[in-house]
1. Taking only pairs six or more apart or across chains, which ones have beta-carbon atoms under 6 Å, a first residue in region 163-191 that is farther than 14 Å from residue 56 by Cβ, and a second residue that is among the polar types (S, T, N, Q) and modelled with pLDDT under 95?
2. Among the residues of region 60-77, write down those that are within 16 Å of the ligand (Cβ to nearest atom) and assigned to a loop (DSSP other than H, G, I, E, B).
3. Which is open to solvent by less than 10 Å² (accessible area, probe 1.4 Å), of a type outside the set (D, E, K, R), farther than 20 Å from residue 150 by Cα and in contact with a strand residue (DSSP E or B) (Cβ under 7 Å, 6 or more places away or on another chain), of 90, 94?
4. Quick one: what pairs do we get from region 199-228, first residue free of Cβ contacts under 8 Å to residues at least 24 places away in the same chain and in a loop (DSSP other than H, G, I, E, B), second open to solvent by 90 Å² or more (accessible area, probe 1.4 Å) and of a type in the set (A, V, I, L, M, F, W, C), C-beta under 7 Å, 6+ apart or different chains?
5. Just the residues that are under 18 Å from residue 277 (Cα atoms) and not basic (Lys, Arg), please, taken from region 148-168.
6. Quick check on residue 139: is it assigned to a helix (DSSP H, G or I) and more than 15 Å from the ligand (Cβ to nearest atom)?
7. Residues to consider are 224, 261; find the one that is out of contact with any Gly (no Cβ under 8 Å at 6 or more places or on another chain) and open to solvent by 20 Å² or more (accessible area, probe 1.4 Å).
8. Considering only region 235-248, I want to know if a residue exists there that is modelled with pLDDT under 95 and surrounded by fewer than 17 Cβ atoms within 10 Å (Cβ to Cβ).
Amino acid sequence: MPIPLSDLSAHHAALRPALEAAAARVIASGRYIMGPEVDAFEAEAALALGATDAIGLSSGTDALLVLLMALGIGPGDEVVTTPFSFFATAGAVARMGARPIFADIDPVTLNLDPARAVAVVSPRTKAVIVVHLFGRVAATDGLGELCAARGIPLIEDAAQSIGAWRGADGARVGQIGRAAALSFFPAKNLGALGDAGMVLTEDAALAGTVRQLRVHGAQRRYQHELVGGNFRLDELQAAFLRVKLPHLRDWTERRRAAVAHYRQALADLPGGLLLPPDDPGCVWNQFVVRVPGGARDRLALALAQVGTATAVYYPAPLHLQACFAHLGHGRGDFPESEWASGEVLALPLHPEITPRQIETVAAQIRSFFGA
Ligand SMILES: *Cc1c(COP(=O)(O)O)cnc(C)c1O
């Protein structure tokens with residue numbers, strides 16, 4: 001039996017009656033945009049995630065974009081971030097006419113190295129975006145203090161890390177920086193049945209601006225104080241997300257249990273494979289191992305041949321993307337990110353993965369390494 005990377009139809013099968021009832025409720029309501037489902041989902045998400053404000057939006061990308069708009073980021077401004085992320089992180093910066101300033105990652109956590117980020121903060125730095133990659137909260141030691149001292153907003157790209165917390169002090173996603181952007185893309189830990197996103201923040205003024213920008217910058221209909229956009233969350237997606245949100249904790253625990261099982265099944269494998277460090281607050285959107293020595297693609301192929309799906313997040317770092325050629329970067333500028341791009345491999349992980357499937361994948365990996 002093939003083992004998929006994740007299985008959204010299996011994930012939704014048990015919820016099907018509740019999802020269909022939610023859809024029927026919205027269809028009958030006649031309200032499809034910014035109605036009671038969005039209001040209720042925002043309140044339920046704020047409570048579940050420990051935020052004072054939760055603003056439903058059209059996508060995670062738009063959550064990042066609208067935050068940068070609300071903070072007045074524009075041409076001439078610099079935004080410090082990681083080159084090892086999904087494109088949207090740096091794409092949002094560029095769309096505002098600002099310049100992404102990359103700093104390399106910590107090779108162990110794969111998150112932005114806070115010391116390297118501190119080193120590139122300049123008088124033109126108008127924001128810093130940390131990405132909590134694969135479900136793991138990014139360290140901000142020294143960086144958080146510098147941002148606070150200089151009044152530079154620290155933004156969390158928490159698209160992959162809903163519900164994650166920092167081991168050191170238990171701070172939750174959305175409480176670490178000025179605001180966090182969440183994504184409900186179907187493959188994220190809490191996925192809609194389409195596109196959706198959210199901003200979490202404790203800053204009431206910022207929340208107000210985000211709400212205003214979400215509806216073309218108008219506080220009252222046809223009175224536009226700001227130029228915003230259509231960044232609204234659909235009623236239908238909010239209704240689906242309300243069905244799924246109460247299960248998030250359980251799904252996260254199942255991801256943690258699956259990772260613990262992988263760890264045990266892949267322990268004492270001599271060399272060849274580096275496992276991600278343990279972290280009790282990590283929500284494991286992906287279980288990404290490193291395969292050094294140029295063997296990553298051969299391992300992926302060997303697994304594919306026996307029916308096990310894997311994926312590479314991300315095969316090219318952002319500083320080498322064609323659309324950022326004008327930034328003038330070349331190979332060698334951020335070596336940790338470049339090495340990671342050549343070595344990372346995501347193994348099958350989702351709440352419904354079985355112990356047997358994990359044992360099978362581990363046995364296939366062992367056999368590749370001759371162990
Ligand atoms: C998924 C993702 C986004 C974008 O979210 P969408 O909802 O797909 O627009 C942004 N940043 C990271 C790190 C992501 O993984």
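1. none
2. Those that are within 16 Å of the ligand (Cβ to nearest atom) and assigned to a loop (DSSP other than H, G, I, E, B): none in region 60-77.
3. Being open to solvent by less than 10 Å² (accessible area, probe 1.4 Å), of a type outside the set (D, E, K, R), farther than 20 Å from residue 150 by Cα and in contact with a strand residue (DSSP E or B) (Cβ under 7 Å, 6 or more places away or on another chain) holds for just one of 90, 94, which is 90.
4. Listed by first residue and then by second, the contacts come to 217/227.
5. Across region 148-168, the qualifying residues are 160, 161, 164, 165, 167, 168.
6. So residue 139 does not fit the description; no.
7. 261
8. Looking for residues that are modelled with pLDDT under 95 and surrounded by fewer than 17 Cβ atoms within 10 Å (Cβ to Cβ), one finds none in region 235-248, hence no.
The values are calculated or read from the model by the stated rules, or taken from the named source; none is laboratory data. Keep in mind the model is a prediction, meaning the values are calculated, not measured. FYI the Cβ positions are ideal-geometry reconstructions off the backbone, even for glycines, and counts take in every protein chain you see. Quick note on the areas: whole protein, heavy atoms, side chains included, nothing else; ligands and nucleic acids left out. Shrake-Rupley method; radii C 1.70, N 1.55, O 1.52, S 1.80 Å.
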